[in-house]
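Okay, structure first, notes after.
We did not get these values from a lab; they are worked out from the coordinates using the rules stated. The model shown is predicted, which means the values in this text are computed figures rather than measured ones. Heads up, the Cβs are rebuilt from the backbone with ideal geometry, glycines too, and the neighbour counts pull from every protein chain shown.
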Amino acid sequence: MKIKIMSKTHVKPTKPVLGKKQFLLTTFDLPYLAFYYNQKFLLYKFENLLDLEEPTFTNDVVEKLKDGLGLVLEDFYQLAGKLAKDDEGVFRVEYDADDTEINGVEFSVAHADTVTIDDLTAEDGTAMFKDLVPYNAILNLEGLSRPLLSVQVTKLKDGLAMGLAFNHAVLDGTATWHFMSSWAEICRGAQSISTQPFLDRAKARDTRVKLDLTAPKDPNATSNGDDAATPAAEPAKLVEKIFRFSDSAVHTIKSRANSVTPSDGSKPFSTFQSLTSHIWRHVTLARGLKPEEITVFTVFADCRRRVDPPMPEEYFGNLIQAIFTGTAAGLLAAHGPEFGASVIQKAVVAHDASAIDARNDEWEKSPKIFQFKDAGVNCVAVGSSPRFKVYEVDFGWGKPETVRSGANNRFNGMMYLYQGKAGGISIDVEITLEASAMEKLEKSKEFLLSEELSNGNGNGNGFVV
């Protein structure tokens, strides 16, 4: 793929926010410093190809995006700032219009004139579009010297690719898509955004946490006793796949999970509990685990309505926390879908305000930066949410053809849930697994619900792989 970077600039709030603004990163933010930047990738097909000709593309597309970005940053000015820390290791995000070291949002324009939308959606993996998304393998900790948001807009033969990298120590998925929808709203001609961000992080957790951070160790190196690092065994090959759960498939999975009345009087299983239980069970089967082996389920859950007092949906920052549960592989395999759904439901219900506070108190006494291995043994981990209206991010030339996560923050068992483009309650799921397990999963008729895959329009009985 031939990609040519045409320009790289920085965008600041159109009207500078007066004064120096500082917000301490909270206990909800800090664990993600050792994650990579959170990457998103959106593809837009242009019906009028004249919009891709110069100077129209630069004047009507690129400048429109940059102007809209400058305006929306007046409200989301933290994204135009930088990470900083004091001598005690207390991290903060700060913005100062007079600070020459704060450059704003990085904005790159690239051309890939021979590449089409179909080229970039021909495969499920991220390799095809990796060069269209900035900040691959860049840690959030590097936000001390890098912008907190980097955008790359690439002109294609028949449309536009938008790659974005958000510093995950600064904001979570809910805040990310609030920003994206607000930016799009301005680009469509709104004079102001419809929903203002809630910027006061101290309302969620007002503590000063001192971190002593060292450079993350090479995950592929081991110690042989004399502290000399030696290469570990070659890691298993990971592959990425998208399973598009049609509207009817989700209904079927949910009805099956709820076909057995719980003996403990618990509530019916939600769509999330039913679907993720289905995936957890079949991934465990595909891995060929022994009956006594433990498998962990992890979900990065939004806590805005869970904390006491509840925080507004517009809270800007991270207000997520990992919920862990697990069971023996043999139990998942031996029981129907209601068993895994019940395990997940109990863990989610138990994670109330007191559990959140207890986790925060424990972490603040002994801070630990989250790494992938902490997700759990033989894990299935869930990020993102089908609640995010990703297909409504319209900058003025229509809704996106596809929305994906980038190559960052993927590991064995990680999956991202997205609103299905087919509409209704359809859900698209990106899963990363070892190649051998993925091969078995794709061949599982029970997992796919039928021998015939649906056609992806939301009317089929199964999934598109």
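Given region 1-126 reduced to its alpha-carbon atoms as identical point scatterers, what log10 I(q)/I(0) does the Debye formula return at q = 0.10, 0.12 Å⁻¹?
-0.47, -0.65
State, as an integer percentage, the relative contact order of region 300-430 based on alpha-carbon contacts under 8 Å between residues 6 or more apart.
Dividing the mean separation by the residue count of region 300-430 yields 19 percent.
Between A435 and Q22, 0.36 nm times their residue separation minus their Cα-Cα distance comes to what?
Between A435 and Q22, full extension yields 144.2 nm more.
Just need the relative contact order of region 258-337 here, percent rounded to a whole number, with Cα pairs under 8 Å and 6+ apart.
36
For the chain, what is the convex hull volume of the alpha-carbon atoms per residue, in Å³?
For the chain, the hull spanned by Cα atoms encloses 166 Å³ per residue.
At a Förster radius of 35 Å, what calculated FRET efficiency corresponds to the Cβ-Cβ distance of H10 and E123, to the nearest 0.05?
0.60
In whole Å, largest first, what are the principal axis extents of the Cα atoms in region 327-414?
47, 40, 26
Please sort 430-443, 36-49 by packing, taking for each peptide the average over its residues of neighbouring beta carbons within 10 angstrom, highest first.
In decreasing order of mean packing, 430-443, 36-49 become 36-49, 430-443.
Evaluate the relative contact order of the chain (contact order divided by residue number), counting alpha-carbon pairs under 8 angstrom at least 6 apart; express in whole percent.
Relative contact order, the chain: 22 percent.
What FRET efficiency, computed as 1/(1 + (r/R0)^6) with R0 = 51 Å and r the Cβ-Cβ distance, is obtained for E88 and T58, rounded to the nearest 0.05?
It comes out at approximately 0.65.
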